[in-house]
Every structure is written in C-alpha cells, then in structure tokens.
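Asker: What follows is a structure written as structure tokens; I'll ask about it next.
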Amino acid sequence: MSRLIGENDKAPVLLTKRQIELLNEHTFAEDALLNALHVSEIAGGKRKVLFTLHDLEDLNGHVAAAANHCSNRKLQQELDLVYEIIQEVESKYDLHY
C-alpha cells in the first residue's frame, strides 16, 4: 500500500557513499538535484537523502540514461542498482495534490 505525499514533501532515499559518487560523476543531473546529495545525514552506514517525488523521477531518468550509454559493464550494473533503489522508493508513495 502506498503512502500519500504532497508534491513539495520529500521522501528519504538511502544511498552509499559510492552510489552518491556515481550520481555526481556519471549523470548529467542538474546541480539542484545533485546539491541534495551533499545535504544528507548518515543512517545505518548509508546517507539519507531527501527528494520530492518529482525530483526522484527526474534523477532516475538521468541514472537510466547514464546506465544505457555506459560501455563499462560493472559501472552499468552499479548504476542499474541505483536506479532500482530510487524506483523502489518512488513506488512506496502516491502524490497527493
């Protein structure tokens, strides 16, 4: 069952330091999206990053593009995992206007 979230409310995404590096180094996401990666808190060895659902959708588009155009198989698998993590968070919420 999905939880309702407002369009300006933020959902938490847990990412490792490596996954944050991948987002910074291998995607063409806008600075506004990437800046959220630097304002995070540590939760259980991972970084808890907050994004709106719209931002998550946008960020995941950049991750998918990077993975699809990647010639390095290991890097592609790492980006695919980040995509899946973000997708899982997105699936937990429904936008409430």
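Asker: Would you point out the residue of the stretch 1-41, among those that are among the acidic types (Asp, Glu) and part of a loop (DSSP other than H, G, I, E, B), that is nearest to His54 (Cα to Cα)?
Answerer: Out of the qualifying residues, it is Glu7.
Asker: Mind listing whichever residues of the stretch 31-57 are of a type in the set (D, E, K, R) and either out of contact with any Asp or Glu (no Cβ under 8 Å at 6 or more places or on another chain) or surrounded by 16 or more Cβ atoms within 10 Å (Cβ to Cβ) (or both)?
Answerer: Across the stretch 31-57, the qualifying residues are Asp31, Glu41, Lys46, Arg47, Asp55.
Asker: Quick one: how many residues across the stretch 55-78 are out of contact with any Lys or Arg (no Cβ under 8 Å at 6 or more places or on another chain), within 18 Å of Arg18 (Cβ to Cβ) and touching a residue at least 40 places away in the same chain (Cβ under 8 Å)?
Answerer: The qualifying residues number 4.
Asker: Every residue in the stretch 79-91 that is surrounded by fewer than 20 Cβ atoms within 10 Å (Cβ to Cβ) and within 14 Å of Leu23 (Cα to Cα), please. Please lay out each step first, then the result.
Answerer: Of the stretch 79-91, the ones surrounded by fewer than 20 Cβ atoms within 10 Å (Cβ to Cβ) are 80-81, 83-85, 87-91.
Hits for the stretch 79-91 are Asp80, Leu81, Tyr83, Glu84, Ile85.
Asker: Given the criterion of a type in the set (D, E, K, R) and touching a Phe, Trp or Tyr at 6+ places or on another chain (Cβ under 9 Å), identify the matching residue among Arg3, Arg18, Arg47, Arg73.
Answerer: None of the other options fit; the residue is Arg3.
Asker: Another one. Which numbered condition trips up Leu75, out of (1) under 14 Å from the mean Cα position of the chain (by Cα); (2) surrounded by 11 or more Cβ atoms within 10 Å (Cβ to Cβ); (3) farther than 12 Å from Ala11 by Cα; (4) at pLDDT 95 or above?
Answerer: Here Leu75 clears every test but (1).
Asker: Now for a separate question. Quick check: is even one residue across the stretch 73-81 hydrophobic (A, V, I, L, M, F, W, C), in contact with a strand residue (DSSP E or B) (Cβ under 7 Å, 6 or more places away or on another chain) and not in a strand (DSSP E or B)?
Answerer: Checked the stretch 73-81: no residue is hydrophobic (A, V, I, L, M, F, W, C), in contact with a strand residue (DSSP E or B) (Cβ under 7 Å, 6 or more places away or on another chain) and not in a strand (DSSP E or B).
The values are calculated or read from the model by the stated rules, or taken from the named source; none is laboratory data. Quick caveat: nothing in here was measured; it's all calculated off a predicted structure. Neighbour counts are summed over all protein chains in view; Cβ atoms, including those assigned to glycine, are modelled from backbone coordinates with ideal geometry.
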